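No value in this document is a laboratory result; all are computed from the given coordinates. It should be emphasised that the depicted structure is a prediction, and the values quoted were computed from it without experimental measurement. Here Cβ is always computed from backbone atoms with ideal geometry, including for glycine, and neighbour counts include all displayed protein chains.
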Amino acid sequence: MELKVRSALPILFLIAISIFWANYYQSHSELNNFGNANFEWLFLIDSFVALPIICLLCIREKKKALVQSLFLCLLAIWIGSYIIPASSKIVWPYLEMVRYVSVPIILIVECSVVLGVILVIKATLDTHGDIDKTIDGSVRRVLGSNSVAKFFGLETRVWTFFLMAHRISPSQFSGKEHFSYHNKDQAKSNALGFLVIMIAEAPIMHIFLHYVWSPIAANIISLLTVIGIIFFVADYRAMSRRPISITDDALMIRFGVFNPLKIALKDIASISAHASEVPKNEHAKQYNYFGHPNVRIALKRPVNGFDTVYLGLDQPNDLIKAVQAEVRSH
């Protein structure tokens, strides 16, 4: 079983048992003796016995397995407090008391991790190092290599470019040659126009939803809009600073604030110019803001499930020649 699938199993198991037992407790059928068999220990055994065992089996590093087990068990307490009927709770009220202790503990841990990452990023910026390597290394030390780590890596990158993009330049990133993509089809100008529209529309939409729908809905939509604006501002600032690069043995595809894709040069079957629309294909990955991609890369074997990658670059011919030269030398 692949490492990515193994690391995701504990979370998937928690989601599965939460959905199953929520339906069980809320149903009124022979399955639960028409509500007379809504025993809390059913969810408790899955959450506090089976779930930690799955964590220990799926995560090789036992320290990380124990940390994830603790986190998921705390999450299970929150879930159980909502899905288990109040009349069936005997032990659960005592477990629910842990919620109020767990919140400040989680906040302290989160703040400590964030502070540590900020200090490492600041040190990297001061020495003009590769910010991507710093972010990925810091997150992996805490969370390992899994989907959660990728998400937090993306989130960290968003805040880094949102707050400190002015201290980052393309030359800081690792690679022998760098290639930009922000000028193709006026990508950066179009992104700025889109941002202006989002920012101008946000207060108008908030007022409209406040009076037409409800204040709570208006606040939720506005919060999501602000999060979206932060992401797009970070992406706008990153697109001219995070280049696509050629290293000694790989093509490093960085695009906006998104997680990088590393393609080994030995895995590239061919690279050529492209000038048409790309049909939707689950085995093809596009890195292109506007217009049609102008570079097509065919792979000898899939990378992250993709066997073809399309790029939209400012200097497509330069990249094609450089990659072809590197592939021949390897």
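What are the residues whose amide H is under 5 Å from the amide H of Tyr287, where those residues sit 5 or more places off or on another chain and H is modelled from the backbone?
The list, which skips near neighbours in sequence, is Tyr310, Leu311, Gly312.
Using amide H atoms built 1.01 Å from N in the peptide plane, name the residues 5+ places from Glu177, or on other chains, whose amide H lies under 5 Å from its own.
Ile246
Among Ser29, Gly80, Ile59, whose Cα sits farthest toward the positive end of the charge dipole of segment 3-90 (+1 at Cβ of Lys/Arg, -1 at Cβ of Asp/Glu, about the Cα centre)?
The Cα lying farthest towards the positive end belongs to Ile59.
Set Lys and Arg Cβ to +1 and Asp and Glu Cβ to -1, take the dipole of the chain about its Cα centre, and tell me which of Leu299, Phe39, Leu223 lies farthest positive.
Leu299
Across segment 249-255, in residue order, what do the Karplus-derived ³J(HN,Hα) couplings come to in whole Hz, using 6.51 cos²θ - 1.76 cosθ + 1.60 with θ = phi - 60° and x for Gly and Pro?
Each residue of segment 249-255 in turn: 9, 8, 9, 9, 9, 10, 8 Hz.
Place a +1 charge on the Cβ of each Lys and Arg in segment 244-329 and a -1 charge on the Cβ of each Asp and Glu, then give the dipole magnitude about the Cα centre in debye, rounded to the nearest 20.
Taking the Cα centre of segment 244-329 as origin, the dipole is about 160 debye.
Kindly flag which residue pairs out of Lys280/Lys300; Lys133/Lys280; Lys150/Lys285; Lys150/Lys321 have an alpha-carbon separation exceeding 22 Å in this structure.
Listed pairs above 22 Å: Lys133/Lys280; Lys150/Lys321.
Take each of the peptides 190-197, 66-73, average the number of other beta-carbon atoms within 10 Å over its residues, and list them starting from the highest.
Top to bottom by mean Cβ count within 10 Å: 66-73, 190-197.
Just tell me which aspartates and glutamates come within less than 14 Å, Cα to Cα, of Lys266; anything on the same chain fewer than 8 places away is out.
Once the sequence-local aspartates and glutamates are set aside, what remains near Lys266 is Asp248, Asp249, Asp307, Glu326.
Please get the size of the charge dipole for segment 170-277, origin at its Cα centre, with Cβ charges of +1 on Lys and Arg and -1 on Asp and Glu, quoted in debye to the nearest 20.
240
Angle between the Cα long axis of helix 147-164 and the longest principal axis of the chain, 0 to 90 degrees, nearest 10?
60
Mind running the shape call on segment 244-329? Use the C-alpha gyration tensor, a ≥ b ≥ c as the square roots of the eigenvalues: rounded below 1.5 for a/c, prolate if a/b tops b/c, oblate otherwise.
Rounded, since a/c falls under 1.5.
What's the magnitude of the charge dipole for segment 18-133 around its Cα centre, counting Lys and Arg as +1 and Asp and Glu as -1 at the beta-carbon? Answer in Debye, nearest 20.
240
What angle, in degrees between 0 and 90 and rounded to the nearest 10, separates the Cα long axis of helix 316-329 from the longest principal axis of the Cα atoms of the chain?
Result, in degrees: 90.
If we count other beta carbons within 10 Å of each Cβ, what is the order of Ile253, Ile216, Ile17, Ile297, fewest first?
Ile216, Ile17, Ile253, Ile297
Take the alpha carbon gyration tensor of segment 1-104, find the square roots of its eigenvalues, order them as a ≥ b ≥ c, and report rounded if a/c is under 1.5; if not, report prolate when a/b exceeds b/c, else oblate.
Oblate.
For Asp185, what charge total do you get from the other residues with a beta carbon under 14 Å from its beta carbon, if Lys and Arg give +1 and Asp and Glu give -1?
Computed value for this residue: 0.
Using a cut-off of 9 Å between beta-carbons, work out the net charge of the residues near Lys89 (Lys and Arg +1, Asp and Glu -1, Lys89 not included).
Once all neighbours under 9 Å are counted, the net charge is -2.
Rounded, prolate or oblate: which fits segment 110-168, taking a ≥ b ≥ c as square roots of the Cα gyration tensor eigenvalues, rounded meaning a/c under 1.5, else prolate when a/b beats b/c?
Prolate shape, in that a/c is at least 1.5 and a/b is the bigger ratio.
Quick check: the angle from helix 215-238's long axis to the longest principal axis of the chain, C-alpha only, nearest 10 degrees?
The angle comes out at about 30 degrees.
What's the long-distance tail for the chain, i.e. % of Cα pairs beyond 30 Å?
Counting every Cα pair in the chain, those more than 30 Å apart make up 53 percent.
Which ordering of Lys262, Lys62 is given by a fewest-first count of other beta-carbon atoms within 10 Å?
Lys62, Lys262
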